[in-house]
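The values are calculated or read from the model by the stated rules, or taken from the named source; none is laboratory data. These numbers come from a predicted model, not from an experiment. Positions of Cβ are backbone-derived with ideal geometry, glycine not excepted, and every protein chain shown enters the neighbour counts.
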Amino acid sequence: MGMKELKDVRYLLPPLQGANPTEMILMVLCKTEANCLKGEELREILIRIFRNVYGRKEDDEILAEILAGVPDKIELV
């Protein structure tokens, strides 16, 4: 289907019930044949996802943990 996995990026789905987040594989659909993504672009996307989808603020602990592990350049596989 054209999706590419973000190599070495740990993504945690905030808990929908209970207190434990769920580790997920984060994938993207590229409009081009890109083989990498800038870390800063991903950080901005993740902040928007947490704010708009999950209703969480930028100082969210789970988001901070994810953002801390985002490298400057992410390989897409």
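Okay, residues lined up against (1) over 12 Å from the mean Cα position of the chain (by Cα); (2) modelled with pLDDT of 90 or more:
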site	(1), (2)
K4	yes, yes
K7	no, yes
L16	yes, no
E23	no, yes
L26	no, yes
L29	yes, no
T32	yes, no
E41	no, yes
Y54	yes, yes
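Note on the stretch 44-58: residues that are farther than 19 Å from I74 by Cα, out of contact with any strand residue (DSSP E or B) (no Cβ under 9 Å at 6 or more places or on another chain) and not β-branched (V, I, T) total 7. Of the residues making up the stretch 6-43, those that are of a type in the set (D, E) and within 16 Å of V77 (Cβ to Cβ) are D8, E33.
Working only within the stretch 42-66, note down all residues that are under 14 Å from P14 (Cα atoms) and of a type outside the set (D, E, K, R). Answer for the stretch 42-66, where residues must be under 14 Å from P14 (Cα atoms) and of a type outside the set (D, E, K, R): L46, I47, I49, F50, N52, V53, Y54, G55, I62, L63, A64, I66.
In summary, D8 fulfils each of the numbered conditions (1) free of Cβ contacts under 8 Å to residues at least 12 places away in the same chain; (2) in contact with a Pro (Cβ under 7 Å, 6 or more places away or on another chain); (3) on the phi > 0 side of the Ramachandran plot with the single exception of condition (1). Filtered by the rule that a residue be aliphatic (A, V, I, L, M) and free of Cβ contacts under 8 Å to residues at least 60 places away in the same chain, the stretch 44-77 gives I45, L46, I47, I49, V53, I62, L63, A64, I66, L67, A68.
Taking each residue of the stretch 14-43 that is within 25 Å of D59 (Cβ to Cβ) and of a type in the set (D, E, K, R) and looking for partners that are modelled with pLDDT of 90 or more and assigned to a loop (DSSP other than H, G, I, E, B) with beta-carbon atoms closer than 9 Å, six or more apart or interchain, yields E23/R10; K38/D72; E40/V70; E40/D72; R43/V70.
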